[in-house]
Amino acid sequence: RMMAEVFTFAEKRAVDVYFAVDVDTTSANPQELIGLLPDCARFEIDVPALAWMGQEEGKAFLVNPETPEGYAFYKAQVEHLLKVYPQIDCLVVWHRKGGTPWMTFKLESMPPAWQEEYRAEVAKTPGAEKLWHAHHLFAQAKIVAAFQRAVAELGREDVKIAFGSWDFNFLPAANRFLPEGVPLIPLDWMVLRDQSIFDTPERRASVAAVAAHRPVVPIAWAHHDDGNYVGRPYEPYAGFFDRLTEMACQDHGYGIIHWTTKPLDLYFKSLVNQVW
């Protein structure tokens, strides 16, 4: 109820709501629900331990969104989100950097039809097989397609579907396998290790190579992330609009991620003023 009020407040002020939904974590794939689906609507994988996420090593099932029952599993999520939060303008299918169920399974664990389709796609562009987490993003593209189908069937064609994650490594494979036109939303996570995507011409060029084919909305990072930091924000980038232009992102916007431990007005105002 509180968040619905927040989104209503935002909508009245012409603020678009981008709502990111984890799809690859253990909590996003509840085994007690997936176990109710028929065998044809799911496939079994091996899952590594991931202590910080409460993920135990063992076997798990993932849902095949291309089956009627599997599609219903994802459509139900979309339908309920839009019922609770009708102000959503964009649903962002979100995944993690690795270790989660949809980012660890072996190629041989995918449904046979997927394996055949994947090999056919790779044969068209042989270099695609070597892209970061190629077959995992090939598989998640099917979740994106299910979300697109769901909003259309629910009469909410006004809701866009995007795809995002931490860092920029996923861009090439996502660009290769996702439906045409789906925006990509990467977080500049590596700034925490002094390796921001905005810092060097080479890194900016890697984004431009993908942004030439579909919208990329980079998310800058305002300050450190260790759960305790309450000091000054990062120093804003100089020439920020020029950097966005070099990345071919100037027409699709950018974002700034921050935790609510301290106001970061100086950082926000700098980037806003530079692109205004």
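Loop-located trypsin sites (Lys or Arg not before Pro) in region 94-134 (DSSP state not H, G, I, E or B) with no more than 12 neighbouring Cβ atoms inside 10 Å: Lys106.
May I ask you to give the solvent-accessible area per residue for the chain, in square angstrom, as obtained with a 1.4 angstrom probe? Provide the component values of the computation, followed by the final result.
Numbers: 14130 Å² over 276 residues.
That works out to 51 Å² per residue.
Near the amide H of Phe170, within less than 5 Å, lie no amide hydrogens of residues on another chain or at least 5 residues away, with H placed in the peptide plane. Percent of Cα pairs in the chain per distance bin of 5 Å, from zero to the largest separation: 1, 5, 11, 15, 17, 17, 15, 10, 5, 3, 0, 0.
Rounded, prolate or oblate for region 21-172? Axes are the square roots of the Cα gyration tensor eigenvalues, ordered a ≥ b ≥ c, and the cut-off for rounded is a/c under 1.5.
rounded
Partner aspartates and glutamates whose Cα lies under 14 Å from the Cα of Lys124, excluding those fewer than 8 positions away in the same chain, are identified as Glu116.
The residue among Phe168, Ala139, Ala208 whose Cα reaches farthest toward the positive pole of the charge dipole of region 139-208, with charges on the beta-carbon of Lys, Arg, Asp and Glu, is Ala139.
For Thr8, the solvent-accessible surface with a 1.4 Å probe is about 50 Å², rounded to the nearest 10. Each residue was assigned an accessible area with a 1.4 Å probe, and for Arg13 the value is about 130 Å². Once you treat every alpha carbon in region 114-247 as an equal point and sum by Debye, what is log10 I(q)/I(0) at q = 0.12, 0.13, 0.20 Å⁻¹? Values returned for q = 0.12, 0.13, 0.20 Å⁻¹ are -0.57, -0.66, -1.17.
Projecting the Cα atoms of Phe43, Ala10, Leu178 onto the dipole axis of the chain, where Lys and Arg carry +1 and Asp and Glu carry -1 at the beta carbon, places Ala10 farthest toward the positive end. Per atom type, the chain shows carbon and sulfur on 55% of its accessible surface, probed at 1.4 Å.
Principal-axis analysis of the Cα atoms of the chain puts helix 134-153 at an angle of about 90° to the longest axis. Accessible area of Glu108 (1.4 Å probe, protein heavy atoms only, ligands and nucleic acids ignored): about 120 Å². Relative intensity of region 1-108 on a log10 scale, I(q)/I(0) at q = 0.19, 0.24 Å⁻¹, equals -1.00, -1.28, per a Debye sum over C-alpha point scatterers of equal strength in the absence of solvent. Which angle from 0 to 90°, rounded to the nearest 10, does the C-alpha axis of helix 112-124 make with the longest principal axis of the chain? Once rounded, one gets 50 degrees. In the chain, helices alone account for a calculated mean residue ellipticity at 222 nm of -11000 deg cm²/dmol, with every DSSP H run of four or more residues adding -39,500 (n - 2.57).
The charge dipole of the chain, taken about the Cα centre with unit charges on the Cβ atoms of Lys, Arg (+1) and Asp, Glu (-1), comes to about 380 debye, rounded to the nearest 20. Here is the result for region 134-196: no trypsin sites (Lys or Arg not before Pro) lie in DSSP coil with at most 11 other C-beta atoms within 10 angstrom of their C-beta.
Output the pairs from Lys83/Lys142; Lys12/Lys269; Lys59/Lys130; Lys97/Lys142; Lys75/Lys97; Lys12/Lys83 with a Cα-Cα distance over 20 Å in this structure; if there are none, say none.
Details: Lys83/Lys142 23 Å; Lys12/Lys269 23 Å; Lys59/Lys130 26 Å; Lys97/Lys142 18 Å; Lys75/Lys97 25 Å; Lys12/Lys83 18 Å.
Listed pairs above 20 Å: Lys83/Lys142; Lys12/Lys269; Lys59/Lys130; Lys75/Lys97.
Between helix 2-12 and the chain there is an angle of about 60 degrees, using the helix long axis and the longest principal axis of the Cα atoms.
The values are calculated or read from the model by the stated rules, or taken from the named source; none is laboratory data. These figures come from a predicted structure and were not determined experimentally. Neighbour counts are summed over all protein chains in view; Cβ atoms, including those assigned to glycine, are modelled from backbone coordinates with ideal geometry. Surface areas here come from the heavy atoms of the whole protein model, side chains and all, with no ligands, DNA or RNA. Shrake-Rupley method; radii C 1.70, N 1.55, O 1.52, S 1.80 Å.
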